[in-house]
């Protein structure tokens, strides 16, 4: 069966520091991968998605970037964190087969920027 | 652009049925989903429905879709305290990657 991991689970970082959040998927090949952010008390906003190694699409302009160095690894980064980057970051995967493409979510990383 | 709206809060008694409603604006939405989020956790897929269906039942869950009114609902029969969580409605247009989420409905089940 497929599983999706995210780490760290919680992170407290000072403003201006760099960020690296990691997401890995097991039990599937060639998945589509997604990064979402959930602000407190709100729905999810898609930040990035990837349909293959090195292929990144950005949905909203922001202070963050994403990379996919391996088929089942998706990384969210920032060179300098802002206060507004605080939130709950969720990684998701979907089968890269087209059609219905249900997205399955990881446990999330809670980021607090102080 | 797409917009998905949900009421913020619903309180029911244990054993009653819960109905969580969602409206969306994009008539091209092809896939419609319900996710559950427990405190501090990620999102768990509960069920989904295609736009060519008007109902789907899965154990205690019943999804109803009214395409004309662009209204989606999730009914939970015999609601239990373990059903207390935030429920998100999400829609996706065929051919697009992004899911558009509502802001979530917090379901509180009182014993």
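Here are the numbers for the structure shown:
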{"read-out": "Hits in the stretch B:1-32 (condition: within 14 Å of chain A (Cβ to nearest Cβ), closer than 18 Å to residue B:99 by Cα and outside any strand (DSSP E or B))", "value": "B:1, B:2, B:3"}
{"read-out": "For residue A:71: the one exception among (1) within 11 Å of chain B (Cβ to nearest Cβ); (2) at negative phi", "value": "(1)"}
{"read-out": "Those residues of the stretch B:33-47 which are touching a residue at least 60 places away in the same chain (Cβ under 8 Å) and more than 10 Å from every other protein chain (Cβ to nearest Cβ), in sequence order", "value": "none"}
{"read-out": "Filter result for the condition that a residue is at pLDDT 95 or above, surrounded by 13 or more Cβ atoms within 10 Å (Cβ to Cβ) and either closer than 25 Å to residue A:90 by Cβ or touching a helix residue (DSSP H, G or I) at 6+ places or on another chain (Cβ under 6 Å) (or both), over B:99, B:72, B:64", "value": "B:72"}
{"read-out": "Residue among A:65, A:84, A:77 that is away from chain B (no Cβ under 12 Å) and out of contact with any strand residue (DSSP E or B) (no Cβ under 7 Å at 6 or more places or on another chain)", "value": "A:84"}
{"read-out": "Filter result (within 13 Å of the chain's Cα centre (by Cα) and without any contact (Cβ under 8 Å) to a residue 40 or more places away in the chain) within the stretch A:52-86", "value": "A:56, A:57, A:58, A:59, A:65, A:66, A:67, A:68"}
{"read-out": "Among the candidates A:104, A:49, residue that is in contact (Cβ under 8 Å) with a residue 60 or more places away in the chain and surrounded by 13 or more Cβ atoms within 10 Å (Cβ to Cβ)", "value": "A:104"}
{"read-out": "Tally, over the stretch B:84-96, of residues that are modelled with pLDDT of 95 or more and over 15 Å from residue B:43 (Cβ atoms)", "value": "1"}
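The values are calculated or read from the model by the stated rules, or taken from the named source; none is laboratory data. These numbers come from a predicted model, not from an experiment. Positions of Cβ are backbone-derived with ideal geometry, glycine not excepted, and every protein chain shown enters the neighbour counts.
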